[in-house]
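Trainee: Here you go, one structure.
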Amino acid sequence: MYEIGIALRHFSAHKRLTFFFVFTVALAMAVIIVLMSLMSGFTDELISMTVKSSPQDHCQFIRQEE
């Protein structure tokens, strides 16, 4: 409870600085989320292109003579 009082006192004393810190953290989190989603999309696309160009399984049919 003591820590919350110190934090509130600091926030009320430094309003402009607090706004800057909150805005900076929010912007950083938005950038991280966007980059992670882009990387995930690129990874999915790369895997699908690789699998389409060279299939994993090869089947050969051997004709048996009777």
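All of the numbers you see were taken from the coordinates with simple rules; none came from a lab. These numbers come from a predicted model, not from an experiment. Cβ coordinates were reconstructed from backbone atoms using ideal geometry, including for glycine residues, and neighbour counts include every protein chain displayed.
Trainee: Given labels modelled 7 Å from the Cα in the Cβ direction, how far is it in nm from Asp44 to Ala30?
Mentor: Modelled inter-label distance: 2.3 nm.
Trainee: OK, next. Loop only by DSSP, 13 or fewer other Cβ within 10 Å of the Cβ. Give me the trypsin sites (Lys or Arg not before Pro) in the chain that pass, ordered by residue number.
Mentor: Arg63
Trainee: Please state the charge dipole magnitude for the chain, taken about the Cα centre, from unit charges on C-beta atoms (+1 on K and R, -1 on D and E), reported in debye and rounded to the nearest 20.
Mentor: Result for the chain is approximately 820 debye, rounded to the nearest 20.
Trainee: Then there is this: Put +1 on the Cβ of every Lys and Arg and -1 on every Asp and Glu Cβ in the chain; which of Phe23, Ile33, Tyr2 then has its Cα farthest towards the positive end of the dipole?
Mentor: The residue sitting most towards the positive pole is Tyr2.
Trainee: For Kirkwood radius over Cα pairs in Å, which listed value, [x] 12.2; [y] 17.5; [z] 12.9, comes from the coordinates shown?
Mentor: So the calculated entry is the one marked [y].
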